[in-house]
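Peer 1: One structure, pasted below without further comment.
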Amino acid sequence: MAQAAPESVVKKIFSTDKRIKFCAVVDSEGKIEAGGMRPGFRFLEPEPEAETARIVTRMFLNQAMNQASDRYFGPVNWGIIHREKLVQITFHLRGQKQLQITTALGSPVSKVATLGRYVNQLGMKA
């Protein structure tokens with residue numbers, strides 16, 4: 001299956017739920033290649049670029065640490081972190097990239113599997 005344009009994936013994901021605050025395709029250095037903050041929302045952190053880079057670094061380190069178990073359990077499809085003020089969802093993509101999604105609290109976790117199926121259908125899955 002051909003890989004979809006990152007912008008189309010971000011647009012589709014934003015359209016699935018108004019509680020999605022942030023959706024972006026980022027590289028392993030934290031550079032945003034497509035997407036960003038939904039208009040009308042603001043970043044919680046004072047230096048969003050630096051914080052995005054830190055979050056992405058943590059997610060890529062986590063991905064690397066999990067690879068040792070992939071031969072037993074299979075690769076990680078997605079990850080979710082529930083925080084006091086928001087929910088972070090990560091999908092691992094081809095080419096050392098990730099799809100990072102941040103939602104407001106109260107967004108149903110059941111939607112994560114739906115988003116994952118959409119990402120898979122678009123051929124962006126690692």
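The values are calculated or read from the model by the stated rules, or taken from the named source; none is laboratory data. As the structure is a computational prediction, the values presented were derived from the model and not from experiment. Heads up, the Cβs are rebuilt from the backbone with ideal geometry, glycines too, and the neighbour counts pull from every protein chain shown.
Peer 1: For residues that are among the basic types (K, R), surrounded by 14 or more Cβ atoms within 10 Å (Cβ to Cβ) and out of contact with any strand residue (DSSP E or B) (no Cβ under 7 Å at 6 or more places or on another chain), scanning just region 1-53, find the one that is modelled with the lowest pLDDT.
Peer 2: In this case the residue turns out to be K31.
Peer 1: Next question. Anything in region 86-104 that is modelled with pLDDT of 85 or more and in contact with a Leu (Cβ under 9 Å, 6 or more places away or on another chain)? List them, or say none.
Peer 2: L86, V87, I89, T90, F91, L99, I101, T102, T103, A104
Peer 1: Could you look through region 69-94, keep only residues that are exposed (fewer than 11 other Cβ atoms within 10 Å of the Cβ) and assigned to a loop (DSSP other than H, G, I, E, B), and pick out the one that is nearest to the chain's Cα centre (by Cα)?
Peer 2: Among residues in region 69-94 that are exposed (fewer than 11 other Cβ atoms within 10 Å of the Cβ) and assigned to a loop (DSSP other than H, G, I, E, B), the one nearest to the chain's Cα centre (by Cα) is R94.
Peer 1: Scan region 70-81 and report the pairs whose first residue is at pLDDT 85 or above and whose second residue is among the hydrophobic types (A, V, I, L, M, F, W, C) and part of a helix (DSSP H, G or I), with Cβ atoms within less than 8 Å and a gap of 6+ or a chain change.
Peer 2: I80/V112
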